[in-house]
Amino acid sequence: MNIKHLQHQEIDKNKWDACIAQSVQKIIYAYSWYLDVVSPNWEALILGDYEAVFPLCWKKKFGLHYLYQPAFTQQLGIFSKLADNQALNNLFLEAIPLKFKLIEININTTNQITSPKNFQEIKNITHHLDLSNPYEAISEKYAENLHRNLIKAQKSRFEFIKNPNVDDLIELFRAHKGKEISTLSNDSYQKFRSISAICQQKEKIKIYAIRLPDEKISAGMCILEDDQHSIFLFSALSEKGKKTGAMPLLIDTYIKQHAEKGILFDFEGSNDKNIARFYRGFGSKEYVYLHLKKNKLPFYIRWFKN
């Protein structure tokens, strides 16, 4: 099979996006306009005339090139107009240029692989909820604790905020959960603003927020949307919002509005047992996406990195 490695400027982005749109693995993260924000110089492996594609998000450090998983991009991998194929997926992985001395990437939930050569595999968990059924049928499967939290939220006099601003969500997140995540820098938050801006331009994102009478904002969430998927990309929650069931109320409201639309709601995680329990409370099912790692760094760099 003819798999070509293309530099960023060589990629035909119209053909690329057409391949993503027609692929069985379709996901918003893989469109060229999204990749341009999260990894501006991304390269690609292309099969034939864009029959299947594989984005290569890279950086350079100590003079060495490496592949990484960009922030706000849970999974990428191989995207094909054909049925997902183990042999083809393995060929793509083997075709990764040798200049990339370290590879740490996530492939998507649909990609099947069979012990790719020299790669270490780590299983990551995400949770999906099928919104094809009526709301009553979906909510019947909610956990008892979730029902209790929704009753609590309904008694808390929450007000839905019209046209919430993404900066307000970022400010709330940084004031609470963000303090615990050292890997999120000012650049990370600016990148998220850029993602939100392009997704709003493409009409691929919706922002929801609610507040208690004495708070500017108590909880908010950003949902990526296409015709098949909704992705729980980002959320923020105050301490009062946490105690009064604000996030369960927001998610439940979204589910109620989108029930029977044939959409798959992707909670985008999580390996954390407590967060996973919360997502399962909505009746979601676990799906595995693989983190693949290969380390061909020179021994002295590997020692320094460790």
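Structure above, values below:
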{"item": "Relative contact order (%) - criterion: Cα under 8 Å, at least six apart; region: the chain", "result": "23 percent"}
{"item": "Spatially proximal lysines relative to Lys123 (Cα-Cα < 16 Å; intrachain offsets below 8 disregarded)", "result": "Lys273, Lys285, Lys293, Lys294"}
{"item": "Stretch gain in nm, segment Arg193-Lys123, where the contour uses 0.36 nm per residue and the Cα spacing is subtracted", "result": "22.3 nm"}
{"item": "Fully extended contour minus Cα-Cα distance, from Asn145 to Asn2, at 0.36 nm per residue", "result": "46.2 nm"}
{"item": "Phi-based couplings in Hz for segment 35-47 (Karplus 6.51, -1.76, 1.60; Gly and Pro marked x)", "result": "4, 4, 7, 7, 8, x, 9, 3, 10, 7, 9, 10, 9"}
{"item": "DSSP bridge orientation in segment 127-283 - percent antiparallel, rounded to nearest 5", "result": "85 percent"}
{"item": "Proximal charge balance of Ser194 [Cβ under 15 Å; K/R count +1, D/E count -1]", "result": "+1"}
{"item": "Alpha carbon centroid spacing (whole Å) that separates segment 105-172 from segment 39-59", "result": "28 Å"}
{"item": "Cα gyration tensor, segment 132-262 - rounded (a/c under 1.5), prolate or oblate", "result": "oblate"}
{"item": "For the chain, share of DSSP beta bridges that run antiparallel, in % to the nearest 5", "result": "85 percent"}
{"item": "Over the chain: helical MRE at 222 nm, DSSP H runs n ≥ 4 each giving -39500 (n - 2.57), nearest 500", "result": "-9500 deg cm²/dmol"}
{"item": "Pairs from Lys4/Lys26; Lys177/Lys261; Lys4/Lys60; Lys15/Lys296 whose Cα-Cα separation, in the structure shown, is over 23 Å", "result": "Lys177/Lys261; Lys15/Lys296"}
{"item": "Whole-Hz couplings from phi, Karplus 6.51/-1.76/1.60, listed for segment 62-75; x for Gly and Pro", "result": "6, x, 10, 8, 8, 9, 9, 9, x, 4, 6, 9, 4, 8"}
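Here, each number is a calculation from the coordinates, and none is a lab measurement. What you are looking at is a predicted structure, and each value in this text was computed from that prediction instead of being measured. Neighbour counts run over all protein chains shown; Cβ positions are idealised from the backbone, glycine included.
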